[in-house]
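What follows is one structure encoded as structure tokens, with my remarks underneath.
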Amino acid sequence: MENYIETNYGIGREDLKSEENNYRRGMGLFEIEVKDIVTKNHYFFEVDIRDDYSLIYIKDLTEVHRKNQAD
């Protein structure tokens, strides 16, 4: 996850802090909240991993969370 954020957002992994990890039982999904400790921005992701621990996808839900908080 740190590599994904570092590559796509230009944030150094030393500035990232995991805030919350949830496993959605029955769906095989992880919901991950990460905080940039410098800017205090929060990023939200959905990560799907197969039974053999290979990555299926990472879905960035950050904008969805931002829009929901603005309402």
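The values are calculated or read from the model by the stated rules, or taken from the named source; none is laboratory data. Computed from a predicted model, the values in this text were never measured in an experiment. All Cβ positions, even for glycine, are placed from backbone atoms using ideal geometry, and neighbour counts span all protein chains on display. Side chains are part of the model used for accessible areas, which takes the heavy atoms of the whole protein and leaves out ligands, DNA and RNA. Shrake-Rupley method; radii C 1.70, N 1.55, O 1.52, S 1.80 Å.
Assign unit charges at the C-beta atoms only (+1 for Lys and Arg, -1 for Asp and Glu), then state the dipole size of the chain relative to its Cα centre in Debye, rounded to the nearest 20.
Working: 10 positive and 16 negative charges, 31 e Å.
Magnitude of the dipole: close to 160 debye.
Which far-off residues, 5 or more places away or on another chain, put their amide H under 5 Å from the one on G28, with H placed in the peptide plane?
Counting only residues 5 or more places away or on other chains, the set is empty.
What accessible area per residue, rounded to a whole number of Å², is obtained for the chain using a probe radius of 1.4 Å?
Working: 5230 Å² over 71 residues.
So the chain comes to 74 Å² accessible per residue, rounded to a whole number.
First obtain the Kirkwood hydrodynamic radius of the stretch 1-44 from its Cα pairs, then insert it into the Stokes-Einstein equation at 10 °C and 1.306 mPa s, and state the resulting D in µm² per second as a whole number. Intermediate results must be reported in sequence, preceding the final value.
On the way: Rh = 11.0 Å.
D, rounded to a whole number, is 144 µm²/s.
Could you work out the longest stretch of the chain that avoids the trypsin sites (Lys or Arg not before Pro) located in DSSP loops with at most 15 other Cβ atoms within 10 Å?
Working: sites that count: R25, K40, R50.
Counting only loop sites that pass the neighbour cut-off, the longest clear stretch is 1-24.
For the chain, what does the relative contact order come out to in percent, with C-alpha contacts under 8 Å and a separation of six or more?
19 percent
With the crude spin-label approximation of a point 7 Å out along Cα→Cβ, what separation in nm comes out for K67 versus E14?
In this crude label model, K67 to E14 measures out at 3.7 nm.
GluC sites (Glu not before Pro), restricted to the stretch 6-45: which are DSSP loop and have at most 14 other Cβ atoms within 10 Å?
Values: sites: E6, E14, E19, E20, E31, E33; in loops: none.
Counting only loop positions with at most 14 other Cβ atoms within 10 Å, none of the GluC sites (Glu not before Pro) in the stretch 6-45 qualifies.
I'd like the carbon and sulfur percentage of the solvent accessible area for the chain, probe radius 1.4 Å, heavy atoms only, ligands and nucleic acids excluded. Don't skip to the answer; put the middle values down first.
On the way: 2390 of 5230 Å².
C and S atoms contribute 46 percent here.
In the chain, which chymotrypsin sites (Phe, Trp or Tyr not before Pro) are in a loop and have at most 16 other Cβ atoms within 10 Å, using DSSP for the loop call? Intermediate results must be reported in sequence, preceding the final value.
Details: sites: Y4, Y9, Y23, F30, Y43, F44, F45, Y53, Y57; in loops: Y53.
Sites meeting the loop and neighbour criteria: Y53.
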